[in-house]
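What follows is one structure encoded as structure tokens, with my remarks underneath.
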Amino acid sequence: MRRGRRQKWMIKIAEERVNILFNRAQEEFFQNRERSHRHVQMARDIAQKYNLKIEPTWNRRYCKNCHKFLQPGTNSQVRLKNSSVEIKCLECGEIRRIPYTREKKEKRRRKIEFHTIKKGNNE
Ligand SMILES: [Zn+2]
């Protein structure tokens with residue numbers, strides 16, 4: 001295989017791995033927080049390597065500054081402000097704002113994704 005070429009199936013596998021890693025990060029958060037954060041790091045490494053966009057569902061579940069997994073109510077604070085969602089990372093204090101209209105759409109999406117992930121991730 002030639003170097004530097006990203007084939008479609010490879011990208012698809014990489015995308016799946018990123019999703020699986022974020023799911024693991026979520027699962028392990030309450031058991032082993034360090035390991036949870038490491039999963040996020042691995043997911044980011046893969047995403048970077050393959051130039052992938054991290055899904056909106058997960059994109060807001062980690063801190064862009066310290067790269068830790070964020071669990072609302074535990075190490076992150078989520079507030080609605082005007083027409084945006086404010087996510088504060090309690091690990092480093094970074095604040096992100098996301099327009100609220102997107103939030104509503106994502107909630108619906110997350111429900112669908114949750115079911116598909118549960119079915120397809122029986123390792
Ligand atoms: Zn942070």
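The values are calculated or read from the model by the stated rules, or taken from the named source; none is laboratory data. Because the structure is predicted, anything quoted here is derived from the model rather than measured. No Cβ is skipped: glycine too gets one built from the backbone with ideal geometry, and neighbour counts run over all protein chains shown.
Some points to look at:
- Looking across region 65-103, the residues that are within 18 Å of residue 35 (Cα to Cα) and among the charged types (D, E, K, R) come down to 68, 91.
- Residue in region 56-67 that is in contact with an Asp or Glu (Cβ under 8 Å, 6 or more places away or on another chain), away from the ligand (no atom under 16 Å from the Cβ) and modelled with pLDDT under 95 present: yes
- So residue 86, is it part of a loop (DSSP other than H, G, I, E, B) and at negative phi: no
- Any chance residue 18 is outside any loop (DSSP other than H, G, I, E, B), in contact with a strand residue (DSSP E or B) (Cβ under 6 Å, 6 or more places away or on another chain), under 21 Å from residue 111 (Cα atoms) and not small (Gly, Ala, Ser): no
- Per-region count, region 34-55, residues of a type in the set (D, E, K, R) and either within 11 Å of residue 67 (Cβ to Cβ) or touching a residue at least 12 places away in the same chain (Cβ under 8 Å) (or both): 5
- Residue count for region 31-54, restricted to those that are among the aromatic types (Phe, Trp, Tyr) and modelled with pLDDT of 95 or more: 0.
- Looking at 6, 17, 61, just one residue is out of contact with any Phe, Trp or Tyr (no Cβ under 7 Å at 6 or more places or on another chain) and not hydroxyl-bearing (Ser, Thr, Tyr), and that residue is 17.
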